[in-house]
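S.K.: Below you'll find the structure I mean.
The values are calculated or read from the model by the stated rules, or taken from the named source; none is laboratory data. Quick caveat: nothing in here was measured; it's all calculated off a predicted structure. Every residue, glycine among them, receives a Cβ derived from its backbone with ideal geometry; neighbour counts consider all protein chains shown.
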Amino acid sequence: MAELQLKSVVKTYGNGFKAVHGIDLDVHEGEFMVLVGPSGCAKSTTLRMIAGLETITGGEVRIGNRVVNDLVPGKRGIAMVFQNYALYPHMKVRRNLGFGLQLRGTPKDQINAATNEVSGVLEIEELLDRLPKQLSGGQAQRVALGRALIKQPEVFLFDEPLSNLDAKLRASMRVRITDLHKRLREEGRPATVVYVTHDQVEAMTMGDRICVMKDGYIMQVADPETLYERP
Ligand code: ADP
Ligand code: ADP
């Protein structure tokens with residue numbers, strides 16, 4: 001069964017605008033699913049409904065075996081990475097990384113061990129005592145990635161995470177995220193990902209499958225090789 005399922009999901013905003021028109025999508029365990037499409041096609045709305053940051057007007061969102069429609073973000077088993085990093089500005093990197101576990105009541109020595117592991121993987125050890133304002137964009141995004149990774153969520157949600165980086169950093173972060181996803185799979189702890197972007201290169205190089213959206217509908221779901229074969 002799919003790790004993440006959208007069933008006839010609808011979003012109508014408070015002003016009466018119907019942004020999402022009853023979409024269905026299955027994302028399998030360990031799959032890297034990219035939502036792509038032009039600005040305004042409802043990628044972000046869809047992701048935010050999965051995250052619990054936006055109410056669901058109709059249909060069902062399932063994560064694992066649970067319908068999560070009525071759960072707050074913290075109870076959904078998700079971790080999210082945002083375009084603007086959304087780090088806690090007054091906390092040093094170390095505390096930014098550990099804060100989610102601290103809220104869960106994880107013991108301090110376990111938080112320290114997890115922090116060390118994640119900072120090793122993302123090569124941010126030398127940044128642990130800095131504040132977010134002392135980080136470059138690429139460094140901040142690695143910390144944001146670390147903050148998601150440390151929570152070991154069932155599903156990772158990415159909202160245009162590379163859009164604020166320059167072209168060179170974007171290219172290296174694409175590779176870093178894809179490699180990390182592969183590595184987790186090889187280590188037997190596959191990460192299920194929903195990754196929103198308007199960048200076709202990101203979609204084609206990162207996605208196991210790509211979900212093409214337009215005007216609040218899903219037009220096509222396919223792997224990169226077969227995506228444009230259909231008429
Ligand atoms: P609800 O939680 O009841 O759905 P909304 O999120 O619709 O409320 O309320 C936010 C307000 O901001 C509304 O008046 C909405 O029209 C407006 N708004 C915010 N973002 C946008 C946008 N991208 N396009 C149009 N209106 C927007
Ligand atoms: P994308 O992420 O693909 O750029 P969005 O999910 O942000 O698209 O927006 C989808 C549609 O919903 C757009 O037409 C947008 O203007 C509209 N929208 C987004 N937020 C709101 C809101 N709070 N109220 C009303 N309309 C909104």
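S.K.: Looking at residue 73, is it within 11 Å of ligand 2 (Cβ to nearest atom), surrounded by fewer than 19 Cβ atoms within 10 Å (Cβ to Cβ) and within 21 Å of residue 193 (Cα to Cα)?
M.R.: So residue 73 fails the test.
S.K.: Determine which member of the set 39, 8, 44 is out of contact with any Pro (no Cβ under 6 Å at 6 or more places or on another chain), among the small types (Gly, Ala, Ser) and part of a strand (DSSP E or B).
M.R.: None of the others qualify; the one that does is 8.
S.K.: Name, by its number, the condition in (1) of a type in the set (A, V, I, L, M, F, W, C); (2) within 14 Å of residue 194 (Cβ to Cβ); (3) touching a residue at least 24 places away in the same chain (Cβ under 8 Å) that does not hold for residue 68.
M.R.: (3)
S.K.: Can you say whether residue 65 is out of contact with any Lys or Arg (no Cβ under 8 Å at 6 or more places or on another chain), within 16 Å of ligand 1 (Cβ to nearest atom) and more than 20 Å from residue 148 (Cα to Cα), as far as the supplied structure shows?
M.R.: Values: out of contact with any Lys or Arg (no Cβ under 8 Å at 6 or more places or on another chain): yes; within 16 Å of ligand 1 (Cβ to nearest atom): no; more than 20 Å from residue 148 (Cα to Cα): yes.
No, not satisfied.
S.K.: Filter region 103-139 for residues that are part of a helix (DSSP H, G or I), under 14 Å from residue 87 (Cβ atoms) and at pLDDT 95 or above and give the result.
M.R.: If the condition is that a residue be part of a helix (DSSP H, G or I), under 14 Å from residue 87 (Cβ atoms) and at pLDDT 95 or above, then 127, 132, 133, 134 are the ones that fit.
S.K.: Please verify whether region 202-218 includes one or more residues that are in contact with a Phe, Trp or Tyr (Cβ under 7 Å, 6 or more places away or on another chain) and among the acidic types (Asp, Glu).
M.R.: Looking through region 202-218, at least one residue is in contact with a Phe, Trp or Tyr (Cβ under 7 Å, 6 or more places away or on another chain) and among the acidic types (Asp, Glu).
S.K.: Please state which one of 22, 52 is within 14 Å of ligand 1 (Cβ to nearest atom), out of contact with any His (no Cβ under 8 Å at 6 or more places or on another chain) and modelled with pLDDT of 95 or more. Steps first, please.
M.R.: Numbers: 22 fails: within 14 Å of ligand 1 (Cβ to nearest atom).
Only one candidate qualifies: 52.
S.K.: Now a separate question. For residues that are in a helix (DSSP H, G or I) and either in contact (Cβ under 8 Å) with a residue 24 or more places away in the chain or not small (Gly, Ala, Ser) (or both), tally how many sit in region 150-171.
M.R.: From region 150-171, those in a helix (DSSP H, G or I) are 167-171; that's our starting set.
Filter once more, so that each one left must be either in contact (Cβ under 8 Å) with a residue 24 or more places away in the chain or not small (Gly, Ala, Ser) (or both): 168-170.
Counting residues in region 150-171 that are in a helix (DSSP H, G or I) and either in contact (Cβ under 8 Å) with a residue 24 or more places away in the chain or not small (Gly, Ala, Ser) (or both) gives 3.
S.K.: Sticking with this structure for a sec: Could you list, in sequence order, all residues of region 1-17 that are more than 14 Å from residue 59 (Cα to Cα) and within 15 Å of ligand 1 (Cβ to nearest atom)?
M.R.: Listed by number, the residues that qualify are 13, 14, 15, 16, 17.
S.K.: On to the next question. Any idea which of (1) surrounded by fewer than 17 Cβ atoms within 10 Å (Cβ to Cβ); (2) in contact with a Ser or Thr (Cβ under 9 Å, 6 or more places away or on another chain); (3) not hydroxyl-bearing (Ser, Thr, Tyr) is the one residue 4 doesn't satisfy?
M.R.: With respect to (1) surrounded by fewer than 17 Cβ atoms within 10 Å (Cβ to Cβ); (2) in contact with a Ser or Thr (Cβ under 9 Å, 6 or more places away or on another chain); (3) not hydroxyl-bearing (Ser, Thr, Tyr), residue 4 is out only on (1).
S.K.: Of all residues being surrounded by fewer than 19 Cβ atoms within 10 Å (Cβ to Cβ) and more than 7 Å from ligand 2 (Cβ to nearest atom) in region 39-55, which is farthest from residue 198 (Cα to Cα)? Just the residue, please.
M.R.: Taking the candidates together, the pick is 55.
S.K.: Within region 198-214, is there a residue that is more than 14 Å from residue 81 (Cβ to Cβ) and in contact with a Cys (Cβ under 7 Å, 6 or more places away or on another chain)?
M.R.: Checking region 198-214: at least one residue is more than 14 Å from residue 81 (Cβ to Cβ) and in contact with a Cys (Cβ under 7 Å, 6 or more places away or on another chain).
S.K.: I'd like the full set of residues that are within 16 Å of residue 156 (Cβ to Cβ) and within 16 Å of ligand 2 (Cβ to nearest atom), limited to region 7-36.
M.R.: Of everything in region 7-36, those that are within 16 Å of residue 156 (Cβ to Cβ) and within 16 Å of ligand 2 (Cβ to nearest atom) turn out to be 25, 33, 34, 35.
S.K.: Right, next: Only one of these is in a loop (DSSP other than H, G, I, E, B) and without any contact (Cβ under 8 Å) to a residue 60 or more places away in the chain: 54, 60, 29. Name it.
M.R.: 54
S.K.: Counting just the residues of region 156-197 that are among the acidic types (Asp, Glu) and within 16 Å of ligand 2 (Cβ to nearest atom), which one comes out surrounded by the fewest Cβ atoms within 10 Å (Cβ to Cβ)?
M.R.: 160
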